[in-house]
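Everything on this sheet refers to the single structure shown next.
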Amino acid sequence: METLYLIIFFIFGSIMGSFYHVIATRLSKGKSIITPASHCEKCNHQLKWYELIPIISYIIQGGKCRHCKEKLPLSYLLMEICTGILFAVCYHVFGFTLELISSIIFVSSLIIIIISDIEYMIILDEVLIFAVFGIIIIDIVDVGLYETSLRVLAGLGSFATMYLVKKVGDIMFKQESLGGGDIKLMFLIGLVIGYPMAICNIFFATFIAFPIALFLLIFKKDNIIPFGPFLSMSGIILYIWGLTFSDIITFLIS
C-alpha cells in the first residue's frame, strides 16, 4: 500500500509540476493563469489533453510541439519529474498529517520561485503571500497559536538577517547585491525551518551557488545571477532532510 501511495503522490506531483511552470511563466508576464488554455507559445496551437500528460507527452513528442515542431524547454520535463519526486518524498517523510499539507505548499511555492527567478529574474509576491498565509493557518490548527507565533518570529528574524546581508553586500560590491524578493523569500524559509537553520540555509545556498556562479562569470560573462533558486533549493533540501541546528553544530565540532 505504501508503494501505491508513493506512486499516487508522484503522479499528482508531476501534474502539479506542469501547472507550476504555467503559473511561474504567466504570472511573471502579468498574464492570467486560467485563460487562455494551454497552447504553444510560438504557433498558438491549443494543446489537446493527450499533449498535456506530464512526462509522457514530452517524451513521446520528442520535446517538440506536435503542430509546429518548435523545441519545448527541457525545464518542463525536469519540473514535472522533480515535483513528482518531491511530492512522493513529502508523503514518505510526513505521512498523512497536517504537516504533509504544509510541506507540499512549501515545496510547491519554492518550485514556482525557482522557475520564475531563473527565467524572468522575478520572485512572485503572490506565491509568497499564498504560501505564508497557508502555512500559518495550518500551523495554528496543527501546533497552536503560541508555537505558530514563534515560527512567525523566526521568519521575521530570517527576513531581518537577509536584509542585513543585502546591506553589507551593497556596500562591499558598491551595487545592489540582492533583490527584495530574496529578502521576502527568507521570511517563508525561516517560518518553515526556523531561525538558526535559516542562517545555515543562506550559507548552504551560497555553497551551492558559488561554482555555478563562477562558471557563468568565466564562460558566459553573465554577472547577473539570481540567488532565489539557490535559497529555494537549499531550503527544500534542509527541510526534507530534517536537519536541526544542533545536528550541524555536532557535525562541525566532531
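Any read-out appearing in this document is the output of simple, stated calculations on the displayed coordinates, not a laboratory observation. No experiment lies behind these values; they were computed from the predicted model shown.
Amide H to amide H, with H built 1.01 Å from N, Lys64 comes under 5 Å of Leu72, counting only residues 5 or more places away or on other chains.
Within the stretch 108-254, how many lysine pairs that are 8 or more places apart, or on different chains, have C-alpha atoms less than 23 Å apart? Don't skip to the end; give the middle numbers.
Working: Lys166/Lys174; Lys166/Lys184; Lys166/Lys221; Lys167/Lys184; Lys174/Lys184; Lys174/Lys220; Lys174/Lys221.
For the stretch 108-254, the number of qualifying lysine pairs is 7.
Taking Ser38, Ser14, Ser158 in turn, the Gaussian network model of the chain (Cα-Cα springs below 10 Å) assigns the largest fluctuation to Ser38.
Distance distribution note for the stretch 1-74: the fraction of Cα pairs above 18 angstrom is 46%. Close amide-amide hydrogen proximity is noted between His39 and Leu47, each under 5 Å apart and 5 or more residues distant or on a separate chain (H modeled in the peptide plane; Pro and chain starts excluded). Applied to the stretch 237-254, the Karplus parametrisation 6.51 cos²θ - 1.76 cosθ + 1.60 on θ = phi - 60° returns per-residue 3J(HN,Hα) values of 4, 5, 5, 5, 5, x, 5, 10, 4, 5, 4, 5, 4, 4, 5, 5, 9, 7 Hz, with x for Gly and Pro.
Classify the stretch 91-151 from the C-alpha gyration tensor, please: rounded if a/c falls under 1.5, else prolate or oblate depending on whether a/b exceeds b/c. Here the stretch 91-151 falls in the oblate category. Helix 195-215 and the longest principal axis of the C-alpha atoms of the chain enclose an angle of approximately 50°.
Secondary-structure-derived ellipticity at 222 nm for the chain, considering helices only, amounts to -24500 deg cm²/dmol, per-run term -39500 (n - 2.57) for DSSP H runs with n ≥ 4. Percent of alpha carbon pairs in the chain separated by more than 30 Å? Tail fraction, whole percent: 33. Taking a ≥ b ≥ c as the square roots of the eigenvalues of the Cα gyration tensor, an a/c ratio of 1.5 or more together with a/b no larger than b/c marks the stretch 1-131 as oblate. Entry note, the chain: relative contact order of 18 percent, from Cα contacts under 8 Å with a spacing of 6+ residues. Indicate the gyration tensor shape class of the stretch 119-183 (rounded, prolate or oblate), computed on the Cα atoms with a ≥ b ≥ c the square roots of the eigenvalues: a/c under 1.5 is rounded; otherwise a/b larger than b/c is prolate and the rest oblate. Taking the square roots of the gyration eigenvalues as a ≥ b ≥ c, the stretch 119-183 is oblate.
Please work out the Cα center distance from the stretch 35-99 to the stretch 148-182, rounded to the nearest Å. Spelled out, the Cα-based centre of one part sits 34 Å from the other.
Diffusion coefficient of the stretch 72-194 by Stokes-Einstein, Kirkwood radius over Cα pairs, 4 °C, 1.567 mPa s: 83 µm²/s. Annotation: lysines with alpha-carbon distance below 23 angstrom to Lys48 (same-chain offsets under eight excluded): Lys31, Lys64, Lys69, Lys71.
Relative to its Kirkwood radius, the Cα radius of gyration of the stretch 123-254 gives an Rg/Rh of 1.00. The HN-Hα couplings worked out from phi for the stretch 146-163 by the Karplus form 6.51 cos²θ - 1.76 cosθ + 1.60 (θ = phi - 60°) are 5, 4, 5, 4, 5, 5, 5, 4, 5, x, 5, x, 5, 4, 5, 5, 5, 5 Hz, whole numbers, x standing for Gly and Pro.
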